[in-house]
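J.: What follows is a single structure, and I will ask about it in a moment.
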Amino acid sequence: MVKNQKKAGILIKELQGSDLAKVAQTYSISIDTAKGVNFLTDFIANLGEEPAVAAHARTAPLNQVSAPIEGVRGVYLIKPINRTDVTPPNVATLRKSYTSQIATQAKAGLIQSLRKNADIDDKRFTFY
């Protein structure tokens, strides 16, 4: 991880003030467009989970190349071309979903704990 952070630091210094087309040509990479990136999601199609990139996409000026962003899997330059307002999340639905997940995990953990701590001798074989 330290090695990757050092590499990212070097790339960030090299890419300051760069143009997307120039960087793509220099490093033989393609420029891709990500749709539906917003502050509430950290998963970006074709990139994976990149929360830092998603956060910068929300605040970066439109039609301007951003400063280099150190992500989980690399260093990224972004250029937001369109921005739509995000609808606020439905807190009641989110709360219900999280509560349901936690209740399911608690039930599973309880059953496992009971099985682990139970002292049962199975003697059915003597009766059948």
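J.: Cβ contacts < 8 Å: first residue of a type outside the set (Gly, Ala, Ser), restricted to the stretch 30-51; second residue exposed (fewer than 12 other Cβ atoms within 10 Å of the Cβ) and at pLDDT 85 or above, any location; separation 6+ or different chain. Result?
T.: Taking only residues 6 or more apart or on different chains, the pairs are 31/21; 33/81; 46/32; 47/73; 50/73.
J.: Might you let me know whether the stretch 61-69 holds any residue that is among the β-branched types (Val, Ile, Thr), under 17 Å from residue 20 (Cα atoms), in the same structural domain as residue 22 (by TED's automatic domain parsing) and assigned to a loop (DSSP other than H, G, I, E, B)?
T.: Within the stretch 61-69, one or more residues are among the β-branched types (Val, Ile, Thr), under 17 Å from residue 20 (Cα atoms), in the same structural domain as residue 22 (by TED's automatic domain parsing) and assigned to a loop (DSSP other than H, G, I, E, B).
J.: Against the definition (assigned by TED's automatic domain parsing to the domain that holds residue 31 and either surrounded by 10 or more Cβ atoms within 10 Å (Cβ to Cβ) or in contact with an Asp or Glu (Cβ under 8 Å, 6 or more places away or on another chain) (or both)), how does residue 110 come out, yes or no?
T.: no
J.: Might you let me know whether the stretch 78-87 holds any residue that is within 20 Å of residue 22 (Cα to Cα) and acidic (Asp, Glu)?
T.: Checking the stretch 78-87: not a single residue is within 20 Å of residue 22 (Cα to Cα) and acidic (Asp, Glu).
J.: Take residue 96 and decide whether it is assigned to a helix (DSSP H, G or I) and surrounded by 10 or more Cβ atoms within 10 Å (Cβ to Cβ).
T.: yes
The values are calculated or read from the model by the stated rules, or taken from the named source; none is laboratory data. Fair warning: this is a prediction, and the values are worked out from it, not measured in the lab. All Cβ positions, glycine included, derive from the backbone under ideal geometry; neighbour counts span all protein chains shown.
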